[in-house]
1. To the nearest 10 degrees, how steeply does helix 156-173 sit against the main Cα axis of the chain, on a 0 to 90 scale?
2. Any chance you could list P(r) for the stretch 292-412, counting all Cα-Cα pairs in 5 angstrom bins from zero, rounded to whole %?
3. Under 13 Å Cα-Cα from LYS448, which aspartates and glutamates qualify once same-chain neighbours fewer than 8 residues away are excluded?
4. Give the lysines whose C-alpha is closer than 23 Å to that of LYS278, dropping any in the same chain fewer than 8 places away, or say none.
5. Determine ³J(HN,Hα), in whole Hz, for all residues of the stretch 21-29 in sequence, where each value follows from phi through the Karplus function 6.51 cos²θ - 1.76 cosθ + 1.60 and θ = phi - 60°; x replaces Gly and Pro.
6. Mind checking which aspartates and glutamates have their C-alpha under 20 Å from LYS245, skipping anything on the same chain fewer than 8 residues away?
7. Quick one: go through the stretch 355-391 and flag any residue whose amide nitrogen is under 15 Å from the point 7 Å out along the Cα-to-Cβ line of GLN143.
8. PHE129 to ILE313: FRET efficiency via 1/(1 + (r/R0)^6), r the Cβ-Cβ distance, R0 45 Å, to the nearest 0.05?
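The values are calculated or read from the model by the stated rules, or taken from the named source; none is laboratory data. The structure presented is a predicted model; accordingly, all values stated were derived computationally and were not measured. Every residue, glycine as well, gets a Cβ built from its backbone with ideal geometry; the counts of neighbours run over all protein chains shown. Heavy atoms of the whole protein, side chains included, go into the accessibility calculation; ligands, DNA and RNA do not. Shrake-Rupley method; radii C 1.70, N 1.55, O 1.52, S 1.80 Å.
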Amino acid sequence: MSSLTEKDRPIVQLLLSTGTCPRCVLRFCCVGSQLLYRHPHQDLMKDLQEFLKNSQEKEDTVCLDAADPPCKRIRLEHSREEGADDLNLNGAVPQLPSAGRGNTAMESSAGKVCNVCLGILQEFCEADFVKKVCQKVNSADYQFTSFVFSVSLPPQLSVRERAAWLGVKQQIRNLGLPLAKDDIVQLKEAYKWIIHPQLSEELGVPADGKSLFEVSVVFAHPETDEECHFLATACPDCFKPAKNKQSVFTRMAVIKALERIKEEDFLKHFPCPPSSPKNLCDALEIQCNNGAVFVAGRYNKYSRNLPQTPWIIDGERKLESSVEELISEHLMAEFKADSFNFSSSGREDVDVRTLGNGRPFAMELVNPHRIHFTAEEMKRLQQAINDSSDKIQVRDLQLVTRSAIGRMKEGEEEKTKTYSALIWTDKEIQREDIAFLDDIKELKLDQKTPLRVLHRRPLAVRCRLIHTMKSEYIDEHHFRLHLKTQAGTYIKEFVHGDFGRTKPNIGSLLNRTADILELDVESVDVDWPPTLAD
């Protein structure tokens with residue numbers, strides 16, 4: 001095994017003799033060759049055995065040929081007998097392994113669950129497990145062109161890796177060789193080196209760290225709490241109950257405790273190297289998840305009895321549907337998504353229509369199983385939504401990126417909106433009574449949070465602008481007012497004054513009581529999403 005050198009021999013011998021699998025041995029020898037980890041488990045064990053055998057033959061030759069001075073191994077054994085610092089957990093002096101005990105090492109590791117990885121780099125690298133993962137992926141019926149693989153490991157693996165490292169460190173200290181823990185190949189990294197090519201071949205797509213399709217495996221072990229319990233005694237502040245967590249021994253909590261606990265305290269409570277486990281890891285969950293897909297468009301609302309989002313008060317639904325539901329019903333079905341998040345450029349009241357080019361909206365479809373749609377398919381989907389209800393219509397329906405949605409919200413309060421309001425007055429009016437409204441430009445309002453929304457919005461005074469107004473006389477008590485305003489202006493309150501909470505208002509400008517009978521949004525001046533050809 002060309003990746004190993006003579007300095008690795010004591011590490012290989014020690015770990016194999018204590019029940020460590022060949023791949024974990026390579027990790028602790030800092031072997032970075034990905035191809036090597038992909039060799040079959042039995043072949044790696046034979047290679048390590050051959051390595052130990054060759055090392056022994058070389059050493060025997062050196063010892064026979066060199067009568068003076070005595071061989072290095074003997075001098076090291078003498079020095080250890082004199083050093084009190086080399087006592088291990090049980091108070092015994094660790095013996096520098098002889099390569100002649102290679103058969104014993106082979107027997108210790110063969111057929112056993114690894115004392116470091118708990119079987120992750122053994123059984124769970126085999127073809128049968130890979131096929132099990134791929135069967136789960138294929139049965140979930142996702143569309144994907146690449147995948148990213150993630151793995152969640154039992155928390156005590158960090159404890160066992162620390163114990164193995166301390167055992168190795170203690171052993172090589174006798175040889176005067178350095179070993180930095182950062183040099184050890186991480187378990188997750190080694191596992192992905194082995195599993196990625198197999199998954200790729202079986203699924204027929206490449207592994208890609210930037211892929212939106214994630215295949216994840218969650219491993220668990222029945223002895224986690226038992227093996228981590230000593231850390232809770234040594235570092236109680238690291239382990240606190242958390243919502244949705246069955247155990248306080250989470251991966252991050254264990255890592256935090258391992259950073260705090262002193263080496264001598266660790267050695268008192270956990271064997272170094274670690275003992276063989278009673279059980280293999282369990283593959284608790286095999287999960288698939290597709291990154292969110294974003295759909296945008298514009299909607300028109302023609303009903304005065306339809307809220308934008310579900311209208312539910314104290315658990316009771318007030319109206320049977322909403323703009324959000326009429327659109328999402330079709331998108332959820334076609335994209336086969338788990339859930340969605342709806343957003344828009346502002347919102348209208350239940351009794352307000354949205355006309356003109358409509359209001360921009362976006363919908364995040366969470367964990368969609370289908371993600372590829374042609375322009376023609378999106379056009380058919382848009383038509384299906386429009387055919388399903390006479391209360392709404394959508395246009396410019398298209399796939400967009402997450403970052404593009406930000407354009408809908410950019411400078412929202414600086415955008416303008418145009419409205420048409422049907423207004424009633426208590427006193428009779430003539431055309432000349434309202435004509436002056438047409439001449440008012442950039443009218444500044446102070447709007448205290450309206451009473452009707454005070455239950456869901458903070459109390460504040462908001463400064464807003466009415467850019468222009470144009471009046472249209474109807475009769476002695478009615479006229480229509482066309483307004484161009486700053487986005488975020490409360491139009492109803494500008495008309496009736498909201499008991500003086502909006503100043504000035506139409507009532508105060510006309511010096512009479514005014515109220516609003518109908519309101520329509522005629523345009524939302526947001527240049528997004530892009531207009532599509534019919």
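1. 40
2. 2, 11, 22, 24, 21, 13, 6, 1, 0
3. Cα-Cα hits under 13 Å: GLU493, ASP498.
4. The qualifying lysines are LYS112, LYS188, LYS268.
5. 6, x, 5, 5, 4, 4, 4, 6, 8
6. Within reach: GLU223, ASP225, GLU226, GLU227, ASP237, ASP282, GLU285.
7. Residues 365-382 qualify, since their backbone N sits under 15 Å from the label point.
8. Efficiency, rounded to the nearest 0.05: 0.30.
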